[in-house]
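Worksheet: one structure, shown below.
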């Protein structure tokens with residue numbers, strides 16, 4: 001399963017929740033930061049920003065903390081779910097949650113010109 005998400009603002013992503021049933025829930029999840037237009041045909045062409053193996057606690061809702069330095073300026077995120085907990089053909093996802101904060105940017109309209117004296 002490949003899922004792509006785009007944000008209207010740049011975010012600092014710090015954790016993710018990928019929830020599913022114990023037997024058919026996701027196991028290996030690869031995350032690609034700022035790689036748009038990815039699908040099954042090209043997911044192996046790029047190294048993931050992070051790879052996680054989800055525990056039973058994770059698929060029950062415990063957030064997975066990401067490698068913070070790799071997700072500082074996220075505009076888009078592609079999630080590739082490689083396999084599931086039992087190795088069966090069907091993987092079920094009940095919830096995907098992304099947790100982070102917006103990156104503060106300078107508001108150019110709020111700046112005032114300094115008068116030359």
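The values are calculated or read from the model by the stated rules, or taken from the named source; none is laboratory data. Bear in mind the structure is a predicted one, so any value in this text is a computation, not a measurement. Methodologically, a virtual Cβ is constructed for each residue, glycine included, from the backbone with ideal geometry; neighbour enumeration extends over all protein chains shown.
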query = How about segment 36-51: which of its residues are surrounded by 12 or more Cβ atoms within 10 Å (Cβ to Cβ) and either assigned to a helix (DSSP H, G or I) or within 11 Å of the chain's Cα centre (by Cα) (or both)?
reply = 43, 48, 49, 50, 51
note = Here the qualifying pairs (Cβ atoms under 8 Å; residues six or more apart or on different chains; first in segment 68-82 and modelled with pLDDT of 90 or more; second part of a helix (DSSP H, G or I) and surrounded by 14 or more Cβ atoms within 10 Å (Cβ to Cβ)) come out as 78/43; 80/43
Conditions (1) surrounded by fewer than 15 Cβ atoms within 10 Å (Cβ to Cβ); (2) in a loop (DSSP other than H, G, I, E, B); (3) touching a residue at least 40 places away in the same chain (Cβ under 8 Å); number of the one not met by residue 89 = (3)
query = Does segment 83-102 hold any residues that are touching a helix residue (DSSP H, G or I) at 6+ places or on another chain (Cβ under 9 Å) and more than 14 Å from residue 58 (Cβ to Cβ), and which are they?
reply = 100
task = Taking the options 69, 22, 17, 65, name whichever one is under 30 Å from residue 104 (Cα atoms), out of contact with any strand residue (DSSP E or B) (no Cβ under 8 Å at 6 or more places or on another chain) and surrounded by fewer than 19 Cβ atoms within 10 Å (Cβ to Cβ).
result = 69
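For the structure I just gave you, tell me whether residue 8 is in a strand (DSSP E or B) and at pLDDT below 90.
Values: in a strand (DSSP E or B): yes; at pLDDT below 90: yes.
Yes: the conditions hold for residue 8.
In segment 92-117, how many residues are in a loop (DSSP other than H, G, I, E, B) and either modelled with pLDDT of 95 or more or surrounded by 10 or more Cβ atoms within 10 Å (Cβ to Cβ) (or both)?
Going through segment 92-117, the residues in a loop (DSSP other than H, G, I, E, B) turn out to be 92-94, 103-107, 111-117.
Among the residues that remain, those that are also either modelled with pLDDT of 95 or more or surrounded by 10 or more Cβ atoms within 10 Å (Cβ to Cβ) (or both) are: 92-94, 103.
Counting residues in segment 92-117 that are in a loop (DSSP other than H, G, I, E, B) and either modelled with pLDDT of 95 or more or surrounded by 10 or more Cβ atoms within 10 Å (Cβ to Cβ) (or both) gives 4.
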